[in-house]
Each structure stands twice: as structure tokens, then as C-alpha cells.
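First up is the structure itself, then whatever we jot down about it.
Each reported figure results from applying straightforward, stated rules to the coordinates on display, with no laboratory input. Predicted model only: the values in this text are computed from it and were never measured. Positions of Cβ are generated from backbone atoms using ideal geometry, with glycine treated the same way; all protein chains shown enter the neighbour counts.
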Ligand SMILES: NC(=O)c1ccc[n+]([C@@H]2O[C@H](COP(=O)([O-])OP(=O)(O)OC[C@H]3O[C@@H](n4cnc5c(N)ncnc54)[C@H](O)[C@@H]3O)[C@@H](O)[C@H]2O)c1
């Protein structure tokens, strides 16, 4: 088991990679605990949940909305959870986002911890304290940043994940490697077959690598005023694709990374060979889908991106595998590149 710590001025958050999830029992207070999960995770693992009240949401992105938060908050109140309460989220990125958001706003904040059950949540979503819910058609528009006390990442839980969800998580892993860790990228390149077999030892190594990088970035810039923005690589186009199609988060981000990589190449920030290696890796894991979003619709979605400021946006470019930069560019440039890219693909 590897423990990775995020130390911020307000809180210490421990991410335990390779820990058996059932050891969570020993990390909880004796009373005042509630568990938030989704119906799939409850069906698969609910029998072994610690003995506390469980509230389950419908699986999927559609549960990330304020009405769900409100109804859960009412349940917490009815159960008698007060300011000394503890919220344990057991689930993927959706459940961790909902749980973290609820724990942040319920009675102005109660303690919380996560058991992350998807690869995407283990490598990315549950590290860093971002808790977002969607507002209508716009991703993560309402939210805050608040670290959980602990996150358990047990690779053994990933055996029950459907292939599509597993691959979706690989995409965020590749993202981390592209922006910050060349060795991690090469480890993924070399171990295509073992990764698809979900070898727990290899997975623990990959998850640790990703979490370590993210923890360093978050420790340096918890509130995303600078460095942390690089974690949004692929997300400008990716969020637009995710909201407009039924493509899972990681697949949408993969297509966003392909666009951002091609854009970086057009700008001269990355060479042809590095560009090829990135898109080839995304392709080998079958992460690139054929979404069809008309230019004008993509334009509208980009204009609503919360990373924009005025007519500009902080766009993340790759400058070679393991290195990224954030540059303020005009929103129209982002929209125009999409048009050129789609024209070339026709
Ligand atoms: N807060 C952040 O920093 C951050 C970062 C990246 C992504 N996210 C968010 O994460 C969300 C996507 O997360 P996700 O891909 O984990 O989706 P998810 O939570 O919807 O889980 C995907 C599916 O897998 C099922 N599932 C979960 N664990 C399982 C298991 N062990 N075995 C079998 N099935 C299981 C779920 O019920 C669901 O149907 C998006 O909303 C995205 O915005 C947040």
C-alpha cells in the first residue's frame, strides 16, 4: 500500500493506493456516519459496507445535479446528521463529486472520505478536492474545492468495472502522463496487454504515479490560480463533447486530447513524432470515438466553458510528452481550430 499526502493550509488529505477497501471501517467515527453510493456499486459491494445508513443515487452523470443534492441533504437531516457527522462516498467520479459537494455545503461543511471504485475516480476524480455538479447542459458549473480526509483506491474493485468504464479511466491516466510524467507514459505504452488484463500490481503502480503527480500540482496550487490549470488538458473540447453526446467522460476527454494535441502541433509546440505517439496510444486503447458535433454547436459550448475569461480562455497545450503549458488564447481560435480539424477529417 502506498500513502500519498496532500497538505494544504486547511487540511491534510491521505490517498491510500493499494489498500483493501474494507479497511475503511477502521477509519470512520463510531457514530454519525452516512454512506452515499449509486445503485450499481451498492448492488455489487453493499453487503460489505460498514453498518451505517446508506443513500443511493441512480448511476450516471445525470445524478450530478442540485435536485439530487437537495434530496440527499434532506435525508441526512432526517437521519439526524449534525455538524459532527461524517459522509463516506463509495463510488466512481459521479458519487465522489456528489458526496464531496454535499459534505461541503451540508451545515456549511461536514467531514468526508471516499472509497473510489472506478479507475477514473482512482487516477483523477477523487484526488484534488474538486466537487462539481452540472447546471443544465454545462459541466461542473456549481462546485467548490474541499479535500476529503482520505481516499481509498483499491485496484481489486476494478475487476467488476464494465470495459467501457475501465477504458474511460485509462484516458485520464494517459492525460496525466502526457502533461507531466514521461516515464508513466512509457510504462503505459509498454504494458498495453497487461493493462487490459487489469493486473492489480501494475494498476497500483499506474494509479500511484497519477495520484502523485496530481497531488504535487494540487499542493502547489489548490485553488487553480496557475499550475493546476494544466490538469484541464483535453477538457475544453472534452467537456463540450461529453455534454453534447452520450460519450463517457474519459472517451470525451480522449477526443479532447486528440484535438489539443493536433492544435499544439499546428502551433509548433510539439513535433510530429510526439504527436503520433500520443494519438497512437489513445487509438490503441480504442479511446477515440466518432462524435459528430456541428461547428456552430461546438462554438456555443466553448463560449460557455467556465475556464474562459471574457473573450479569452486558458487553453492547455502539450509541449512534448511529459510537458504542458497553459496559454491564454482567444475563444475564436479554439472554435476555428475545431472547424479546421473537422474539415480535415471529412
Ligand atoms: N472532481 C474531479 O476532479 C473530477 C475529475 C475527473 C472527472 N470527474 C467527474 O467524474 C465523473 C466520471 O466518473 P466515472 O467515470 O467514475 O463515472 P461514474 O461514477 O458514473 O461511474 C461509471 C459507472 O461505473 C459504475 N461503477 C462504479 N464503480 C464500479 C465498480 N467497481 N464495478 C462496476 N461498476 C462500477 C457506476 O455505477 C457507473 O455506472 C464525471 O462526472 C466527471 O466530471 C471529476
### Task
Arrange the following residues from fewest to most other Cβ atoms within 10 Å of their Cβ: 17, 133.
133, 17
## Note on the structure
Asserting the computed 222 nm helical MRE of the chain (DSSP H runs at least 4 long, -39500 (n - 2.57) per run, divided by residue count, to nearest 500) equals -14000 deg cm²/dmol
### Query
Where the centre of each part is set by its Cα atoms, how far does the stretch 68-142 sit from the stretch 268-284, in angstrom?
36
### Message
Which residues among the stretch 264-288 fall inside the zone where the amide N is under 12 Å from a point 7 Å beyond the Cα of residue 189, along Cα→Cβ?
### Response
273-282
## Note on the structure
Here the stretch 152-214 gives, from Cα atoms, an Rg and Dmax in Å of 10.9, 29
### Query
In whole angstrom, how long is each semi-axis of the equivalent ellipsoid of the stretch 111-229, when you take the square root of 5 times every eigenvalue of its Cα gyration tensor and sort them from largest down?
24, 17, 14
### Task
Compute the long axis of helix 235-244 from its Cα atoms, compare it with the longest principal axis of the Cα atoms of the chain, and write down the angle in degrees, 0 to 90, nearest 10.
70
### Task
Among 172, 61, 74, rank each residue by its count of other Cβ atoms within 10 Å, from fewest to most, as a rough exposure measure.
74, 61, 172
### Query
How big is D for the stretch 2-160, in µm² s⁻¹ as a whole number, if Stokes-Einstein is applied with the Kirkwood radius of its Cα pairs at 10 °C and 1.306 mPa s?
104
#### Entry: the stretch 163-345: projected area of the alpha-carbon convex hull, averaged over directions, in nm²
9.8
### Query
How much length is gained if the chain between residue 47 and residue 182 is pulled fully straight, taking 0.36 nm per residue apart and subtracting their Cα-Cα distance, in nm to one decimal?
44.5 nm
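Jot down the per residue volume, in cubic angstrom and as a whole number, of the convex hull over the alpha-carbon atoms of the chain.
Values: hull volume 42.2 nm³, N = 346.
Convex hull of Cα atoms, per residue: 122 Å³.
Taking every DSSP beta bridge that has both residues in the chain, what percent is antiparallel when rounded to the nearest 5? Walk me through the numbers before you get to the answer.
Details: 20 of 42 bridges.
Antiparallel: roughly 50 percent of the beta bridges in the chain.
Express in nm, to one decimal, how much length is gained between residue 289 and residue 1 on full extension, taking 0.36 nm for each residue of separation and deducting their alpha carbon distance. Write out the running numbers ahead of the final one.
Details: separation 288, 0.36 × 288 = 103.68 nm, distance 3.51 nm.
In short, 100.2 nm is gained.
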### Full-extension gain in nm, residue 135 to residue 303, via 0.36 nm per residue minus C-alpha separation
59.0 nm
### Query
Tell me, 323, 197, 345 in order of fewest to most beta-carbon neighbours within 10 Å?
345, 197, 323
